Each structure stands twice: as structure tokens, then as C-alpha cells.
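Some notes on the structure that comes next.
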Amino acid sequence: MDKHTQLKLQLKKLIGADPNYPVTGVIKSVEEDTCTVELEEGFEVPDVKLKSTANGNDNLLIIPKVGSIVTLLSGDGTVDNLTVIKVDQASKIIFNENGLQIEIDSTDSKVSIKNSDASLFDLFTDLVNILKQFKVYTNMGPSGTALPDSVISITKLETDFKQLLK
């Protein structure tokens, strides 16, 4: 009996008569917008979709952490149409719609927020650079650069946002 036939029989055993009964498994690997899931008794199912369509467009993509438990459902009751519908642990969440992109990445503990015109990281970088060079006019002419205590605060702001944003 070939592997595909074995897999179908195993799925029928797991889900019974209802082909749309949810099945749980463990993530073995992630390949862009699909993954490989290990079901009970060690059967591995490749090409499980991480969203309704595996088409390369990441409007909303939740990438599960390898080794985490997921819940699967087949839209038509076949193995070829399994989709992850619930994730126990996510390594990354990507939202991309109308030019807005938000990425939450637990692998590096950072967040990215940007659109086609600007990114939050770049805005904070520009702000820090402005603050470092900030001068005001006085009766004696332009002021010097920031005082040491201000430089310490500006540097802390820069360090803090670089730990959170990408």
C-alpha cells in the first residue's frame, strides 16, 4: 500500500465518518505558506495550508512554531485540502493589506510596522537623529548640541526602540 493510501486510511480512522471533523497534529516544518504536520502514529502530511489559499500572498499568515500543536480541517474532506485552523504557538504573524504590513516575530522578539511610504523603525531612527543634532537660537547665536544628560536619554530611547522594532 502506498504512503498516500495509508495516509487516507489513517485520516479516516482518526476522524471517523465526518470528513470535516478537526484533527490535531504537530508541526514538523514550515515551508512559506504551507507546512508539514505529523498526525497520530507518526504519519506526516506535507503541503498543509497555513491559510485558506497557499498562493504566496500573505494577507494574514500565522506561522506556527515547529513542534507546536495545530488543529487541521479539510474544506472538502480530502487530505489534499487540509488547512491549519488553530495554532498552539506562533513563531510569526504577518498582516499585509492595502499597503500596510505588520509583522510580529517571536523568534527575534521584534515587531515591524510599515506601509508603502514609511516604517515605524525609520521614523524613530529619524527622530533620534534629529534629537542628537537639535539646536535652538539664542541671543548668543545657535545653541550647541544636546547636553550630556539629554544625550544619555536620547541614546536610551534609541537602544530601547531598536530592541522592539525592526
### Message
Based on this model, can you work out whether residue 104 counts as closer than 30 Å to residue 31 by Cβ, open to solvent by 60 Å² or more (accessible area, probe 1.4 Å), part of a strand (DSSP E or B) and in contact with a Leu (Cβ under 6 Å, 6 or more places away or on another chain)?
### Response
no
### Single unsatisfied condition, residue 123 versus (1) closer than 14 Å to residue 163 by Cα; (2) more than 20 Å from the chain's Cα centre (by Cα)
(1)
### Task
Can you tell me which residue within the stretch 3-52, out of those that are among the polar types (S, T, N, Q), more than 21 Å from residue 107 (Cβ to Cβ) and modelled with pLDDT of 80 or more, is surrounded by the fewest Cβ atoms within 10 Å (Cβ to Cβ)?
52
### Among the candidates 72, 61, 123, residue that is part of a strand (DSSP E or B) and out of contact with any Gly (no Cβ under 9 Å at 6 or more places or on another chain)
61
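Listed here are the residues, each with its yes/no results for (1) of a type in the set (D, E, K, R); (2) more than 30 Å from residue 151 (Cβ to Cβ).
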{"site": "35", "(1), (2)": "no, yes"}
{"site": "59", "(1), (2)": "no, yes"}
{"site": "86", "(1), (2)": "yes, yes"}
{"site": "105", "(1), (2)": "yes, yes"}
{"site": "110", "(1), (2)": "yes, no"}
{"site": "125", "(1), (2)": "no, no"}
{"site": "128", "(1), (2)": "no, no"}
{"site": "138", "(1), (2)": "no, no"}
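State all residues of the stretch 118-166 that are of a type in the set (Val, Ile, Thr) and open to solvent by less than 100 Å² (accessible area, probe 1.4 Å); if no residue qualifies, say none.
Across the stretch 118-166, the qualifying residues are 125, 128, 136, 138, 145, 151, 154, 155, 159.
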### Query
Is it true that residue 85 is open to solvent by 80 Å² or more (accessible area, probe 1.4 Å), assigned by the TED database to the domain that holds residue 26 and within 21 Å of residue 165 (Cβ to Cβ)?
no
### Message
Against the conditions (1) outside any loop (DSSP other than H, G, I, E, B); (2) more than 25 Å from residue 166 (Cα to Cα), where does residue 77 fall short? Just the number, please.
### Response
(1)
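The values are calculated or read from the model by the stated rules, or taken from the named source; none is laboratory data. All figures in this text were calculated on a predicted structure; none of them were measured in a lab. In this analysis, Cβ positions are derived from the backbone assuming ideal geometry, glycine residues included, and neighbour counts consider all displayed protein chains. For accessibility, only protein heavy atoms count, side chains too; no ligands or nucleic acids. Shrake-Rupley method; radii C 1.70, N 1.55, O 1.52, S 1.80 Å.
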